[in-house]
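Structure first, commentary second.
The values are calculated or read from the model by the stated rules, or taken from the named source; none is laboratory data. Computed from a prediction, not measured in an experiment: that's the story for all the values here. FYI the Cβ positions are ideal-geometry reconstructions off the backbone, even for glycines, and counts take in every protein chain you see.
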Amino acid sequence: MTSRRSASALTLLGFAATCTGCFSPNLYTTPKILDRGDVRGTVAVEAFDHGQTVPFVPAMRMRVGLGGRTEAQVGLSPQTLAGGFAFGLVQSRWFDLAVLPQLTLLAPFGGRAGGQADAIALLGVQWSDVTTLLLNGGLGHVIGNPKIPTRVGIETDPRPIYPSGLVARLGVGIQWRVGRRFSLQPEFTFQRYFGDPKVNVYAFGLGFQFGAQPYP
């Protein structure tokens, strides 16, 4: 029984690591910028729907405070690598606003690589000392019509992830600070790709966050 469970888990992980379109659009970040030298990491599990449902995909994100209301961010998920800098425009007790220019490499670990450049606005409203409502929205552009090699039967089937062209996004999440250095952040993101063919992406994830808290 144990060996069967282990084999099932490995199969699921393998599927997640090679599935078509395992692009994590969730950000697991906040518009409240970390102080200089502070570090915060997120490990998340996610589910996707973009014409086919992907039940489980791991994702990670790291944030590092640079000072001057600026922080660096790096995200990693199967077949994607993202990086950007967040700039805090408004930082207050109850309301925060930031912008996040971000570049994502699609299919950098195999297949035909492409990229997505995004300009994202981040909004946070602090409901209480331990809870913050998070909203984000933005526009981007996909370059290169990227593809990922996917196992279909016994053949490798290189399918396009998302079409080249304009993409729009809208996301919502809630951060719940359980302790001084740990929080939970469920997040939902919708993305619309306007290329040919048009694609809708729905992504839900639960982030487990460790390290410095940007909120007091």
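Please list, ordered by first then second residue, the pairs with beta carbon atoms under 9 Å, 6 or more apart or interchain, first in segment 195-214 and closer than 13 Å to THR42 by Cβ, second in a loop (DSSP other than H, G, I, E, B) and aromatic (Phe, Trp, Tyr). Listed pairs, sorted by first residue: GLY205/TYR28; GLY207/TYR28; GLN209/TYR28.
Selection over segment 127-140 of residues that are modelled with pLDDT of 95 or more and either within 18 Å of TYR193 (Cα to Cα) or surrounded by fewer than 20 Cβ atoms within 10 Å (Cβ to Cβ) (or both) gives a count of 8.
When ALA98, ALA16 are checked against the criterion of being of a type in the set (A, V, I, L, M), surrounded by 14 or more Cβ atoms within 10 Å (Cβ to Cβ) and modelled with pLDDT under 95, a single residue qualifies: ALA16.
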